[in-house]
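I have placed the structure first, in the form of structure tokens, so that the comments after it can refer back to it.
The values are calculated or read from the model by the stated rules, or taken from the named source; none is laboratory data. Values in this document were obtained by computation on a predicted structure and should not be read as measured data. All Cβ positions, glycine included, derive from the backbone under ideal geometry; neighbour counts span all protein chains shown.
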Amino acid sequence: MTATPTRAALAWEYSPAPEATDHIRLAERYELFVDGGWREAASHQPTVNPATEEPLAEIGWAGEADVDAAVAAARAALPRWRALPALERGKYVFRIARLIQERARELAIVESLDGGKPIRESRDVDVPLAAAHFFYYAGWADKLSYGLAGRRVEPMGVVGQIVPWNFPLLMAAWKLAPALACGNTAVLKPAETTPLTALLLAEICQEAELPDGVVNIIPGDGATGAALVRHPDIDKIAFTGSTGVGKDIQAATAGRDIGLTLELGGKSANIVFDDAALDQAVEGIVNGIFFNQGHVCCAGSRLLLQESVAEEVVEKLWRRMGLLRVGDPLDKNTDVGAINSAEQLERIEALVDAGEREGATRRTVACALPERGYWFPPTLFTDVAPVNRIAVEEIFGPVVSVMTFRTQAEAIEKANSSAYGLAAGVWTDKGSRALAVARALKAGVVWQNTYNQFDPTSPFGGYKESGFGREGGAAGLRPYVRVS
Ligand code: NDP
């Protein structure tokens, strides 16, 4: 007699659930936001939708003269802005937060169009968190000395801020909100592949009637960023991006009396002990590495599994990975969207090839991918040696490298055996173990039984080659003030 299956296998098929874009009005061409108005750029470059390779708009790129003009506008705006009663300054920051909320749907769609991330993430994570950062720092504006142990505080002055392409609006919010609340004026350079939401934020600054020159937004490439860093009239640089560029910036600012914060790359360990709730851990592993296609500085890209449960976790993870929906970022069912650019896709492919060449075992989810655009399906490597490039270098894509450990001490040693130290995850049922491991990890953020949780009240930043300085929370005020 054959056994009757207790449960019929369910084959779910989702109907497409595309987010409408007909209400989005992008201009054909955007210029530079300088001194409260639009300054014509000398050159323009298209910004491209990575899911279709279609151009979205022409973007003005700032040259040296434009960087000069933006810094001069920020300098001219500084005396009045810093002299404004702190409560009034806070109201402007608050108003920006409200306007982000009002334009949330538009911002989410444009973020997904320009960057390739799933609409579910831009709608539920990027945009609400960006608004939350402005709300949070609006509240600090008139309480700065309370946040800084009662000391007398003054703004740094004119701050140059350079942000990457993985969280364009959110990174702009992380940088601008504390800077403005502390009385600084700012020049922000968005990444060349994702300038659009920063330019919409410029419109929001206008709507909020922010005084001219307080915020200046100048898209461009690395040369624009380098010109901003080297500008002699800048009082502080805040940078998020690759460790290589971070090192160049540190060298370029050496010997100058300016503030510097660097939020750089990572190769974060996600550690699963055998007493963890494994199904919950698998969800956390998926969120840790496939959120935003793995284009996340704190992605849990090194998965450390206790040997006794390693096989079981890998099988559960592999099964779960097969359920991820890869494709149109604007479809509300999509879990993994497009890779941000052709260059980033090449980098991911090169590192994945290196992983195979070095002897690791690769499993890549077989899924239908759109014909155009840049895509990389979720990928899992086992049999990874700690010296393999895929265990050492930041891949910045949907690729997880699995390694095993036997004891708690070995887990800590392996997790800390990295040039980076941005974040980590610890999955265990024992609170005492979670605390002991967290204390021993050289990582700026340690999540317990969760991953990739962000909140404006909690500081974020790295150890070692992941950079220095903190963004978020009261600690995030410190880089934007001089204390006496
Ligand atoms: P970059 O570090 O080159 O880019 C980050 C920002 O810095 C961008 O706005 C970029 O402009 C700007 N920039 C580039 N060169 C200079 C310079 N010399 N001086 C000042 N600013 C500069 O990162 P990539 O975009 O090239 O990505 C490369 C790798 O970096 C990724 O594969 C990933 O591993 C890592 N990365 C890490 C991030 C993180 O959050 N930790 C974020 C992004 C990347 P432009 O966009 O025009 O190049």
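Ser417: touching a Pro at 6+ places or on another chain (Cβ under 9 Å) and away from the ligand (no atom under 16 Å from the Cβ), yes or no? Don't jump to the end; show me each part of the working.
Values: touching a Pro at 6+ places or on another chain (Cβ under 9 Å): yes; away from the ligand (no atom under 16 Å from the Cβ): yes.
Answer is yes for this residue.
Please pick out the residue among Glu111, Glu121, Glu58, Glu54 that is of a type outside the set (A, V, I, L, M) and over 15 Å from Asp328 (Cα atoms). Write out each step before concluding.
Values: Glu111 fails: over 15 Å from Asp328 (Cα atoms); Glu121 fails: over 15 Å from Asp328 (Cα atoms); Glu54 fails: over 15 Å from Asp328 (Cα atoms).
Sole residue among the options that is of a type outside the set (A, V, I, L, M) and over 15 Å from Asp328 (Cα atoms): Glu58.
Scan region 297-312 for residues that are crowded, with 24+ Cβ neighbours inside 10 Å and not charged (D, E, K, R) and jot them down. I'd like the intermediate steps shown before the answer.
Taking region 297-312 first, the residues crowded, with 24+ Cβ neighbours inside 10 Å are 297-305.
Those that are crowded, with 24+ Cβ neighbours inside 10 Å and not charged (D, E, K, R): Cys297, Cys298, Ala299, Gly300, Ser301, Leu303, Leu304, Leu305.
Of the conditions (1) hydrophobic (A, V, I, L, M, F, W, C); (2) more than 29 Å from Arg230 (Cα to Cα); (3) modelled with pLDDT of 95 or more, Met156 fails just one. Which one is it?
That leaves (2) as the condition not met.
Can you tell me which residue is nearest to Tyr136 (Cα to Cα) among those in region 75-116 that are crowded, with 24+ Cβ neighbours inside 10 Å and β-branched (Val, Ile, Thr)?
Val93
Inside region 262-280, can you point out the residues that are at pLDDT 95 or above, touching a Phe, Trp or Tyr at 6+ places or on another chain (Cβ under 9 Å) and under 19 Å from Gly467 (Cα atoms)?
Leu262, Glu263, Leu264, Gly266, Lys267, Ser268
Could you list, ordered by first residue, the pairs with Cβ atoms under 7 Å in which the first is in region 232-255 and farther than 24 Å from Gly472 by Cβ and the second is in a helix (DSSP H, G or I) and within 9 Å of the ligand (Cβ to nearest atom), at least 6 apart or interchain?
What qualifies is Ala252/Val229; Ala252/Arg230.
Filter region 412-435 down to the residues that are within 18 Å of Tyr463 (Cα to Cα) and hydrophobic (A, V, I, L, M, F, W, C) and list them by number. Break it down into steps so the answer makes sense when it comes.
We begin by selecting, within region 412-435, every residue within 18 Å of Tyr463 (Cα to Cα); these are 412-426.
Listed by number, the residues that qualify are Ile412, Ala415, Ala419, Leu422, Ala423, Ala424, Val426.
Name the single residue that is surrounded by the fewest Cβ atoms within 10 Å (Cβ to Cβ) among those in region 234-246 being part of a loop (DSSP other than H, G, I, E, B) and within 11 Å of the ligand (Cβ to nearest atom). I'd like the intermediate steps shown before the answer.
In the first step, residues of region 234-246 are kept if they are part of a loop (DSSP other than H, G, I, E, B); the result is 234-235, 241-242.
Now drop any that are not within 11 Å of the ligand (Cβ to nearest atom), which leaves 241-242.
On the way: Gly241: 23, Ser242: 15.
The residue in question is Ser242.
For region 220-233, state whether one or more residues are farther than 30 Å from Glu311 by Cα and more than 12 Å from the ligand (Cβ to nearest atom). Step through it out loud before you land on a result.
Here is the first cut: in region 220-233, the residues farther than 30 Å from Glu311 by Cα are 220-233.
Next, from what is left, pick out any that are more than 12 Å from the ligand (Cβ to nearest atom): 232-233.
Within region 220-233 (the criterion being farther than 30 Å from Glu311 by Cα and more than 12 Å from the ligand (Cβ to nearest atom)), the answer is yes, since at least one residue qualifies.
For the condition modelled with pLDDT of 95 or more and more than 16 Å from the ligand (Cβ to nearest atom), what is the one hit in Leu324, Leu345? Even if it seems obvious, please write down each step before you answer.
Working: Leu345 fails: more than 16 Å from the ligand (Cβ to nearest atom).
Only one candidate qualifies: Leu324.
Of all residues in region 363-380, which are surrounded by fewer than 21 Cβ atoms within 10 Å (Cβ to Cβ), without any contact (Cβ under 8 Å) to a residue 60 or more places away in the chain and not in a strand (DSSP E or B)?
Of everything in region 363-380, those that are surrounded by fewer than 21 Cβ atoms within 10 Å (Cβ to Cβ), without any contact (Cβ under 8 Å) to a residue 60 or more places away in the chain and not in a strand (DSSP E or B) turn out to be Val365, Ala366, Cys367, Ala368, Leu369, Glu371, Pro377.
What single numbered condition from (1) assigned to a helix (DSSP H, G or I); (2) without any contact (Cβ under 8 Å) to a residue 40 or more places away in the chain; (3) over 14 Å from Lys267 (Cα atoms) fails to hold for Ala411?
Every listed condition holds for Ala411 apart from (2).
Mind telling me which of the residues Gly213, Gly284, Gly259, Gly255 ends up being at pLDDT below 95 and away from the ligand (no atom under 15 Å from the Cβ)? Write out each step before concluding.
Values: Gly213 fails: at pLDDT below 95; Gly284 fails: at pLDDT below 95; Gly259 fails: at pLDDT below 95.
Gly255 is the lone residue from the list that is at pLDDT below 95 and away from the ligand (no atom under 15 Å from the Cβ).
Could you check region 123-193 for helices (runs of 4 or more DSSP H) lying wholly inside it with 3 or more residues that are under 23 Å from Leu99 (Cβ atoms)? I'd like the intermediate steps shown before the answer.
Details: elements: 127-140, 144-147, 168-181.
Helices (runs of 4 or more DSSP H) meeting the threshold: 127-140, 168-181.
Looking at Glu312 and the list (1) within 21 Å of the chain's Cα centre (by Cα); (2) farther than 30 Å from Phe460 by Cβ, which single condition is not satisfied?
(1)
Condition check ((1) touching a strand residue (DSSP E or B) at 6+ places or on another chain (Cβ under 7 Å); (2) over 24 Å from Leu324 (Cα atoms)) across all residues:
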residue: Ile390; (1), (2): yes, no
residue: Ala411; (1), (2): yes, yes
residue: Lys414; (1), (2): yes, yes
residue: Tyr420; (1), (2): no, yes
residue: Val437; (1), (2): yes, yes
residue: Gly444; (1), (2): yes, yes
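Kindly provide the set of residues from region 155-204 that are more than 14 Å from the ligand (Cβ to nearest atom), within 18 Å of Phe33 (Cα to Cα), surrounded by fewer than 24 Cβ atoms within 10 Å (Cβ to Cβ) and not aliphatic (A, V, I, L, M), ordered by number.
Matches in region 155-204: Glu203 only.
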